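Notes for the one structure printed next.
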Amino acid sequence: PQRSSSPKSHDVEVDVNWEFPRDNLILEDNLGEGEFGQVVRGRAYGLDVEDAYTTVAVKMLKPDASESEYRDLMSELNLLKEVDHPNVIRLLGACTKRDPFYVIVEYCEFGSLKNYLRKCKYRGRRSWEDKQNQHDGSYENETGVVLTIRDLLSFAWQTTRGMEYLSQMKLVHRDLAARNILMTTGKQLKISDFGLSRDVYEADTYLKMSKGRLPVKWMAPESLYAQIYTAKSDIWSFGVVLWEIVTLGANPYPGIPPERLFNLLKTGYRMDRPDDCPDELYAIMQKCWKAKPEDRPSFAALSYILDRMLQFRV
Ligand code: ACK
């Protein structure tokens, strides 16, 4: 990959609809960071409400980011301008007039779904018929939040709702994983991290190989072998997200080094049904992991099935 010590934002046309005055933004704690980007919690004055501060999340590049990371953040900003759905992260503004370049999005106080799930317990129930242990909603005990099967189904359903919307917008996410889904108040989920997303109408085939780290354990075989990304490869990743939800944030293919997946998936190997995973949910995972993309369901179909389960089975 080409590196440039300082990606410059001066060649970016400032979008007056979204530009936010940098001086009205107070950056606070670091929420987390990836290889080249970081997310900081901040307070933005006069953003949503006049004369008041709104807590926001600000995404920015680290000083050693390359042109390609800079383009990813720009592309994320441009895509975020186009989307508007309760299960997709909402753009609030951007500071693009000079470096460092900021993308301001809504703050999700519970962080990533992955980290949230890891802090929870599940009151296991393998079958819908097993009404023992049933209670209406999650609750807190001395060890933390206890989730019910209903919560897990709701997380899966909300993810399919957000993804159904994105696929209708002809957007392919390419990096759908529990670490890229955020949790806000009322256990509402928001699909986030659009850095790698591309409009499927965009002609150039963007080779992610130059970027180094690939989310191999979330990738469909056709993405691994041929860099093909479609709504159906996002569906494969959703199957892995469902597995993450049911295992409360476990790491997929435990004990298997990512490089082995290339051959394992070819031989038809798939993850087993996790303990306590209802058969219906494992059946969905298996459909998402069909070798042929056309045999996998759509997000609309999955959202319908999960909605029915939420209404009639739990
Ligand atoms: O699980 P976390 O605390 O939630 O760790 C990751 C980290 O930043 C790197 O992505 C957190 N994060 C990202 N975007 C947001 C946001 N909009 N609101 C709150 N936390 C965020 C994420």
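The values are calculated or read from the model by the stated rules, or taken from the named source; none is laboratory data. Please read these numbers as outputs of a predicted model, since none were measured by experiment. We place every Cβ from the backbone using ideal geometry, glycine too, and count neighbours over all the protein chains shown. Ligands, DNA and RNA are stripped out before the accessible areas are found, and what is left, the full protein with its side chains, is counted by its heavy atoms. Shrake-Rupley method; radii C 1.70, N 1.55, O 1.52, S 1.80 Å.
Checked against a 22 Å cut-off, the cross-linked pairs LYS62/LYS187; LYS266/LYS287; LYS217/LYS292; LYS81/LYS217 give Cα-Cα distances beyond that limit for LYS62/LYS187; LYS81/LYS217. With all protein chains in place and ligands, DNA and RNA left out, the 1.4 Å accessible area ranks LEU47, LEU31 as LEU31, LEU47, largest first. Only protein heavy atoms count here; on that basis, with a 1.4 Å probe, LYS59 has an accessible area of about 40 Å². When the surface is traced with a 1.4 Å probe over the full set of protein chains, PHE110 keeps roughly 90 Å² accessible.
Using R0 = 41 Å, the C-beta based FRET efficiency linking LEU27 and GLU259 works out to 0.60.
Taking all protein chains together and rolling a 1.4 Å probe, TYR269 ends up with roughly 80 Å² accessible. Under the combined filter of DSSP loop state and at most 11 neighbouring Cβ atoms within 10 Å, region 41-78 retains these GluC sites (Glu not before Pro): GLU50. Each distinct pair of alpha carbons in region 242-314 adds a 1/r term; the inverse of their mean, the Kirkwood radius, is 13.7 Å. Sorted largest first by accessible area at a 1.4 angstrom probe radius, with every protein chain in place, the residues ASP272, ASP307, ASP234 fall in the order ASP272, ASP307, ASP234.
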